[in-house]
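See below for the structure under consideration.
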Amino acid sequence: MQRTTIIAGNWKMNKTPGEAVELAGALKERLGTTTDPEIVVCPSFTALVPVAEVLADTAIRLGAQNMHPAPEGAYTGETSAGMLLAAGCRDVILGHSERRHGFGEDDAFVNAKTLAALEAGLRPIVCVGETLEEREKGATFDVVLGQVEGSLRDVPPERAASLVVAYEPVWAIGTGRTATPEQAQEVHAAIRGRIGEIFGEEVAGAMRILYGGSVKPENAAELLGQADIDGALVGGASLKADAFAAIADAAR
Ligand code: PGA
């Protein structure tokens, strides 16, 4: 089964609109016509609209880093799927560990967002991953597969292949400590197995499963070379056009 690799940049809480436009401009020059791998950038909310303008008429997809499941209403500080679409987004990162652990998001909430995003026509990039403590006590598979099940509950099987899962071991995010390609591959294979049990083999064969956690130009090719790793969700290294473009090159 051929799966087009995705290289997604999660800019997190970095860059003013002006700085984001500058980075987007540099990425447009290097990657503006790249369709394989698929390139996605996820700036902060205040930068979405100006970055969408820079990336219009390029192959680079725009994504947000979070959203609220409700379509509108009294949710101070939140942003809906419809607002993201209108701002030019096609993708949205959901359930990032910094949201799960820093803001108390549980699987049920991530699931509500996933269903709302799909319903609105956004592509969810649903993040899962174990903490160091969970890995050390041998709970990695239980935790990760539990998050997959809980976050994707009630997704209609005919829509499931369009969503993306990102495996991001919490201990590897922003720490410089990457999972070895073998450690990542075994979890990716287990996730694909569980997706097959829930949605069927065809969906499992088509779904892109990204790895995230200290991906950089130096380790990207080896990670992306694993059978069940279909791309990368890149934090720190996505903030520099050269590094992000080098990771995209490693995917070719
Ligand atoms: P990192 O972040 O590449 O800086 O480790 C990855 C992520 O959190 O998506």
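A few notes on this one:
- For A166, nonlocal amide neighbours, meaning residues 5 or more places apart or on other chains whose placed amide H falls under 5 Å from its own, are V126, C127, V128, L210.
- Considering only A56, T76, L163, and ranking their Cα positions along the charge dipole of the stretch 28-163 that arises from unit charges at the beta-carbon of Lys, Arg, Asp and Glu, the one farthest toward the positive end is A56.
- Using θ = phi - 60° and Karplus 6.51 cos²θ - 1.76 cosθ + 1.60, couplings along the stretch 6-22 (whole Hz; Gly, Pro as x): 10, 10, 10, x, 9, 7, 6, 8, 10, 6, 6, x, x, 5, 5, 4, 5
- Spin-label model distance (nm) - E22 vs F141, 7 Å beyond Cα toward Cβ: 4.8 nm
- Restricting the stretch 33-105 to chymotrypsin sites (Phe, Trp or Tyr not before Pro) in coil, as DSSP defines it, with at most 14 other Cβ within 10 Å: Y75, F103
- Taking a ≥ b ≥ c as the square roots of the Cα gyration tensor eigenvalues, the stretch 25-169 comes out prolate, since a/c reaches at least 1.5 and a/b is larger than b/c.
- From phi via Karplus (6.51, -1.76, 1.60), per-residue ³J(HN,Hα) for the stretch 165-170 in Hz, x at Gly/Pro: 10, 10, 8, 10, x, 4
- Inverse of mean 1/r across different Cα pairs in the stretch 44-105, Kirkwood, Å: 12.5 Å
- Where only DSSP H runs of four or more residues are counted, the chain gives -13500 deg cm²/dmol as its mean residue ellipticity at 222 nm, each run worth -39500 (n - 2.57).
- Three-way shape call for the stretch 125-174 based on the alpha-carbon gyration tensor, with the a/c threshold at 1.5: oblate
- The phi-based Karplus calculation (6.51 cos²θ - 1.76 cosθ + 1.60; θ = phi - 60°) puts the 3J(HN,Hα) values of the stretch 186-197 at 5, 6, 4, 5, 5, 4, 4, x, 5, 4, x, 5 Hz, whole numbers, x for Gly and Pro.
- Three-way shape call for the chain based on the alpha-carbon gyration tensor, with the a/c threshold at 1.5: rounded
- Long-range amide H partners of R61 with built H, under 5 Å: I39, V40, V41
Just so you know, all these numbers are worked out from the coordinates, no wet-lab data involved. In this text the structure is predicted, and so the values were computed from the model without any measurement. With ideal geometry, Cβ positions are generated from the backbone for all residues, glycine too; neighbour counts draw on all protein chains shown.
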